[in-house]
1. Identify, please: which residue in region 90-126 is more than 16 Å from GLU51 (Cα to Cα) and of a type in the set (Gly, Ala, Ser) and is, among those, surrounded by the most Cβ atoms within 10 Å (Cβ to Cβ)?
2. Looking at (1) out of contact with any helix residue (DSSP H, G or I) (no Cβ under 8 Å at 6 or more places or on another chain); (2) hydroxyl-bearing (Ser, Thr, Tyr); (3) buried (at least 18 other Cβ atoms within 10 Å of the Cβ), which is the only condition SER54 fails?
3. Are any of the residues in region 93-105 assigned to a strand (DSSP E or B), modelled with pLDDT under 90 and either among the β-branched types (Val, Ile, Thr) or within 19 Å of VAL121 (Cβ to Cβ) (or both)?
Amino acid sequence: MFSAFFTMSKTTHKLILLLSFLLLQSSFLQAKEIELGGLLLDNTISRQGHEFASQLSQYWREVPDASGKNLIVKEVIVPQAGTMLSVLYDDKLVYRTYMGRRQTPMNEKVQQAIILVLDAVANSQFEQRSPDLAGDEW
C-alpha cells in the first residue's frame with residue numbers, strides 16, 4: 001500500500017493532501033457550530049423517580065441561559081419509607097423531597113423543584129456578574 005503511494009505523481013500527492021486538508025478543515029468548522037445546552041442527568045431508579053425526572057426535563061428544556069450547566073436528579077431508596085429525590089444544579093443541592101412507596105401525583109413537587117432551579121440559575125448568573133462579592137457576601 002505504501003509503495004503505491006510513493007509511485008504516484010507529485011500532482012496526485014498534492015491533490016490527496018489538499019483533499020485531506022479540506023476534510024479536516026470542514027470537520028473543525030462543524031465542531032465549532034455544535035453547542036450543547038444544559039444537560040439533565042437522570043440517576044433515578046424507580047418508576048416514580050423516572051417520571052419526576054421526565055417531567056422536570058420538560059421544564060428544563062425551556063430554561064434560558066442554562067448552557068454549560070448540568071442538572072442532576074438523584075434517587076436514594078429509603079427502606080420502609082420510599083425514596084428520596086435530590087436535584088443538584090452546578091453540583092449544589094437545590095431541591096430534596098421524599099416520596100412514599102405508592103404512586104402519587106407529582107406535578108406540584110416538579111413545579112416546586114423547577115422554581116428553585118430557576119432561582120439557582122439566577123443566583124449563579126448574579127455571582128458571575130459580580131465577582132467582588134465573596135461566597136459569604138462579606
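The values are calculated or read from the model by the stated rules, or taken from the named source; none is laboratory data. Bear in mind that the values here come from a model prediction, so they are computed numbers and not experimental data. FYI the Cβ positions are ideal-geometry reconstructions off the backbone, even for glycines, and counts take in every protein chain you see.
1. The residue in question is ALA120.
2. Every condition holds for SER54 apart from (3).
3. no
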